[in-house]
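What follows is one structure encoded as structure tokens, with my remarks underneath.
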Amino acid sequence: MQKVHAFSAARKRLNGMSHGGVMQWMITELGEVVSTATLAKERIQRGDAVHGEVLQAQHQTGGRGRMAGRQWLDEPGASLLMNVTLLELSVPVEVLQVFTALAVLDAVRALGSAQTGGVDVRLKLPNDLLALDGRKLCGILTEVVWRGSRFAGATLGIGMNVRQSNFDGPLARHALSLRMLGIDLDVATVRGHI
């Protein structure tokens, strides 16, 4: 299913990374996939990616983090699992990770302010949003695709725990969700604020 959507809250920061200011983002909602990052990178490599394309999955079986061997585990339908494709940039590729992380942090803080009067979430550079107790709420994975020495595109991956109430095993000590912070919204509403 595809939708055209102009995102809100943090859009100024994300749109600032693209030439031409505000862009319309085309959202493709997917069921279960291995990884939205893998799909987005493959589309760039094949030449059929679209600038501003957003791939969002209900569940990923092979979501991954920045560090080798790290997996992103999700409860189907309870997490924001999305990847934004940029085919042109107005900022150096070196700042994409930080700009994306700050945009997501801005959005979470705005949601927290509207829902609970505020949330204590911080950015752990370069790519994690953590509660003050150190539990992880969100991971961001930015990857650049090159054709030789020429920029071909970038993918901005966002994995956020939104509606989970519990985490099993060792994740219970290391993860939390927006719902657990008192922000009880559906995944689509959260996506609309990024």
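The values are calculated or read from the model by the stated rules, or taken from the named source; none is laboratory data. On a predicted model such as this, the values are computed, not experimentally measured, just so you know. A quick note on method: Cβ atoms are made from the backbone with ideal geometry, for glycine too, and the neighbour counts reach across all protein chains shown. What goes into the accessible areas is simple: the full protein's heavy atoms, side chains included, and nothing from ligands, DNA or RNA. Shrake-Rupley method; radii C 1.70, N 1.55, O 1.52, S 1.80 Å.
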Review point. Do we have any residue at all in the stretch 108-116 that's more than 26 Å from Ile27 (Cα to Cα), at pLDDT 90 or above and among the polar types (S, T, N, Q)?
Key: no
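With the requirement that a residue be part of a helix (DSSP H, G or I) and farther than 22 Å from Ser35 by Cα, what does the stretch 104-151 give you? Before you say what the answer is, go through the steps one by one.
Restricting attention to the stretch 104-151, the residues satisfying the condition of being part of a helix (DSSP H, G or I) are 104-116.
Passing the criteria: Leu105, Asp106, Ala107, Val108, Arg109, Ala110, Leu111, Gly112, Ser113, Ala114, Gln115, Thr116.
Looking only at the stretch 71-103, which residues are part of a helix (DSSP H, G or I), over 14 Å from Ile194 (Cβ atoms) and not β-branched (Val, Ile, Thr)? Spell out how you get there, then give the answer.
The initial filter retains those residues of the stretch 71-103 that are part of a helix (DSSP H, G or I), namely 93-103.
Right, trim to over 14 Å from Ile194 (Cβ atoms) and you get 93-98.
Those that are part of a helix (DSSP H, G or I), over 14 Å from Ile194 (Cβ atoms) and not β-branched (Val, Ile, Thr): Glu94, Leu96, Gln97.
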Check your understanding: Within the stretch 175-190, is even one residue open to solvent by 40 Å² or more (accessible area, probe 1.4 Å), touching a Leu at 6+ places or on another chain (Cβ under 8 Å) and in contact (Cβ under 8 Å) with a residue 24 or more places away in the chain?
Key -> yes
Check your understanding: Any residue at all in the stretch 148-159 that is surrounded by fewer than 12 Cβ atoms within 10 Å (Cβ to Cβ), over 19 Å from Gly62 (Cα atoms) and at pLDDT below 90?
Key -> no
Study note, to complete from the structure: Only one of (1) open to solvent by less than 50 Å² (accessible area, probe 1.4 Å); (2) at pLDDT 90 or above; (3) out of contact with any strand residue (DSSP E or B) (no Cβ under 7 Å at 6 or more places or on another chain); (4) of a type in the set (Gly, Ala, Ser) does not apply to Gly139, and that is (3)
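Residue by residue, here is whether (1) modelled with pLDDT under 60; (2) open to solvent by 20 Å² or more (accessible area, probe 1.4 Å); (3) outside any loop (DSSP other than H, G, I, E, B) holds:
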position	(1), (2), (3)
Lys3	yes, yes, yes
Ser18	yes, no, no
Glu42	no, yes, yes
Asp48	no, yes, no
Leu55	no, no, yes
Gln58	no, yes, yes
Exercise for review: Please work out if Arg163 is in contact (Cβ under 8 Å) with a residue 40 or more places away in the chain, open to solvent by 30 Å² or more (accessible area, probe 1.4 Å), touching a Lys or Arg at 6+ places or on another chain (Cβ under 7 Å) and within 16 Å of Leu73 (Cβ to Cβ).
Suggested key: yes
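Given the criteria surrounded by 15 or more Cβ atoms within 10 Å (Cβ to Cβ), farther than 30 Å from Glu42 by Cα, modelled with pLDDT of 90 or more and in contact with a helix residue (DSSP H, G or I) (Cβ under 7 Å, 6 or more places away or on another chain), does Leu123 qualify? Explain how you work it out, then say what you get.
Numbers: surrounded by 15 or more Cβ atoms within 10 Å (Cβ to Cβ): yes; farther than 30 Å from Glu42 by Cα: no; modelled with pLDDT of 90 or more: yes; in contact with a helix residue (DSSP H, G or I) (Cβ under 7 Å, 6 or more places away or on another chain): yes.
So Leu123 fails the test.
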Point to revise | Where a residue in the stretch 136-149 is small (Gly, Ala, Ser) and its partner, wherever it lies, is at pLDDT below 90, with Cβ under 8 Å and at least six apart | key: Gly139/Gly65; Gly139/Arg66; Gly139/Trp72; Gly139/Asn127
Review point. Inside the stretch 89-105, can you point out the residues that are open to solvent by 60 Å² or more (accessible area, probe 1.4 Å) and either among the aromatic types (Phe, Trp, Tyr) or at pLDDT 90 or above (or both)?
Key: Phe99
